[in-house]
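The values are calculated or read from the model by the stated rules, or taken from the named source; none is laboratory data. None of these values were measured; they are calculated from a predicted model. Please note: Cβ atoms are built from the backbone with ideal geometry, for glycine as well, and neighbour counts cover all protein chains shown. What goes into the accessible areas is simple: the full protein's heavy atoms, side chains included, and nothing from ligands, DNA or RNA. Shrake-Rupley method; radii C 1.70, N 1.55, O 1.52, S 1.80 Å.
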Amino acid sequence: QVQLVESGGGLVQAGGSLRLSCAASGIIFSLTTMSWYRQAPGQQRELVAAITTGSSTNYADSVKGRFTISRENAKKMVYLQMNSLKPEDTGVYYCNAEWGNVRIWGKGTLVTVSS
């Protein structure tokens, strides 16, 4: 079964940290670009960070220097370490896998940053 399952969201105070995890199954993980997106209330989903099969990374300007994306191919896991969190980081965070013309999404995990 092809699926992505996120975990690690929660409530944190501004300045705090969270680590999100995404477990993949049913895909050839090592050939897949993995990304994290987020969607704040009333806003469109936006790319937060991406990591390619060669472990090149890309970040949204708003999270550069604060968030780190990483992957473990052997475990089929991708992570998002989020430090110095701000209230504007609040939203549902989605894991995304992409290969060829195929894209799949997880169901998301909620991150709430209080001021």
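Per residue, the convex hull around the alpha carbon atoms of region 45-115 comes to 106 Å³. Lys86 exposes around 80 Å² of accessible area when a 1.4 Å probe is run over every protein chain in place. Assuming charge only on the beta carbon of Lys and Arg (+1) and of Asp and Glu (-1), the dipole of the chain about its Cα centre is about 140 debye to the nearest 20.
Ligands, DNA and RNA aside, Glu72 has an accessible area near 70 Å² when probed at 1.4 Å.
The mean sequence separation of alpha-carbon pairs under 8 Å and at least six residues apart, normalised by the residue count of the chain, gives a relative contact order of 36 percent.
Counting only heavy atoms of the protein chains and using a 1.4 Å probe, Asp61 has close to 130 Å² of accessible surface. Over the chain, accessible surface divided per residue gives 53 Å², non-protein components excluded, 1.4 Å probe.
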